[in-house]
Structure formats: C-alpha cells, structure tokens
Amino acid sequence: MASIFSKIIAGEIPCYKIAEDGNYFAFLDINPVQKGHVLVVPKDEKDYIFDYAPEYYAGLWKFAQKIAAAQKAALPCKRIGVAVIGLEVPHAHIHLVPLVNEGDLDFSASKKLSLPKSEMEEIAQKIREKL
Ligand code: AMP
C-alpha cells in the first residue's frame, strides 16, 4: 500500500507544497516542531533512507540543500537543522527545521505545533518565493 507521503506526492492528500522535481518532493510538516519545518521526500518510496542507490541518495540531499537555502532566506532563524527519523512514516524523508537555539530540534510530541491553515499557507508561500 502506498505511504501517506506517496499519496501526498500523487495529489490524493493535500499538503502545503514547497517544491518538486522529477525525483523529489518538499512540503510543510503538518505538525511542525518550529514554524517553517519542511519534509523532503524521495518520490521512489523506500522505508529506510540508506537503502537508496548512491546517486539517488545524493540527489535527495542536493534537493534538500536548495530548500534549506530558501527556508533560511524566508524565515527568522540562525540556520536550518536536519534530522532523519522515520519512526512514524515508513517512507524516507529529511526534516529541515529552522533553528534559533539548540533545543529547537526537539521532536517530543508535546513540542509539536498545530498552526492555522492561513499561517501554514503564508509560511509555504514565503519559502517558495525564495526558491
Ligand atoms: P518521522 O517518521 O518520525 O520522521 O515523522 C514523520 C513526520 O511526518 C512527523 O513530523 C509528522 O508530523 C509528519 N506528517 C505526518 N503526516 C503528515 C501529513 N499528512 N502532512 C505533513 N506532514 C505529515
């Protein structure tokens, strides 16, 4: 069965899209740990990020680098932090999180945000404008 991320990529489930190319897709995390938290996902669905062929794996990080530059330009932060977890959704993805302090990269459930649709749309738009 297709993962929730494959359904998002196929347009079957809505998302706050940031960008895509032939191989990769980026959108806002629905429960961000910080405002502007983006997920970068390979279109080829595999559970574990280190199972991709080297070239495809390297392309994922190259795509993520462009998204991180746009986030950093668009949002008030010191830098973009990176995490690969994958314990919730079995479709490999990179978390890109705008950081001000070390503790900002905290994925505890209690730290996750739920922002209004209008604010999510505004954040996505700001990031897209910097791409
Ligand atoms: P993990 O698999 O542990 O790296 O976490 C999966 C991430 O996907 C979590 O941060 C969720 O908030 C996020 N997530 C789950 N479903 C959606 C969705 N439909 N749209 C955007 N983000 C999602």
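The values are calculated or read from the model by the stated rules, or taken from the named source; none is laboratory data. Keep in mind it's a predicted model, so treat the numbers as computed, not measured. Counting neighbours? That spans all protein chains shown, and the Cβs are built from the backbone with ideal geometry, glycine included. SASA here: full protein model, heavy atoms, side chains in, ligands and nucleic acids out. Shrake-Rupley method; radii C 1.70, N 1.55, O 1.52, S 1.80 Å.
When ligands, DNA and RNA are left out and all protein chains stay put, how many square angstrom of accessible area per residue does the range 4-129 have with a 1.4 Å probe?
Accessible area per residue, the range 4-129: 55 Å².
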| query | What net charge is computed for the residues neighbouring LYS130, neighbours being all others with C-beta under 12 Å from the C-beta of LYS130, Lys and Arg scored +1, Asp and Glu -1? | reply | +3
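Near ASP104, within a Cβ-to-Cβ distance under 15 Å, what is the net charge of the other residues, with Lys and Arg +1 and Asp and Glu -1?
That sum, taken over residues with Cβ under 15 Å, equals +3.
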| task | Mind giving me the nanometre distance, one decimal, between the label points for PHE107 and GLU55, set 7 Å out from Cα along Cα→Cβ? | result | 3.0
| message | Please report the spacing between the Cα centers of the range 31-47 and the range 85-131 in Å, no decimals. | response | 8
| message | Using Cα springs under 10 Å in a Gaussian network model of the chain, which residue among GLU20, GLU119, GLU102 shows the largest mean-square fluctuation? | response | GLU102
| note | With only helices counted (DSSP H, runs n ≥ 4, each -39500 (n - 2.57)), the per-residue ellipticity at 222 nm for the chain, to the nearest 500, works out to -9500 deg cm²/dmol
| said: What do you get for the angle between helix 117-129 and the principal long axis of the chain? Use alpha-carbon atoms, 0 to 90 degrees, nearest ten. | reply: 70
| note | Debye calc, one equal point scatterer per Cα of the chain, no solvent, log10 I(q)/I(0) at q = 0.18 1/Å comes to -0.99
| query | Dipole of the range 4-129 (Lys/Arg Cβ +1, Asp/Glu Cβ -1, origin at the Cα centre): which of ALA73, LEU96, ALA124 lies farthest to the positive side? | reply | ALA73
| message | If DNA, RNA and ligands are ignored and the probe is 1.4 Å, what is the ranking of SER6, SER108, SER114 by accessible area, most exposed first? | response | SER114, SER108, SER6
| said: Run the reach check for LYS126 against lysines, Cα to Cα strictly under 27 Å, same-chain hits fewer than 8 apart removed. What comes back? | reply: LYS7, LYS17, LYS35, LYS43, LYS62, LYS66, LYS72, LYS78, LYS111, LYS112, LYS117
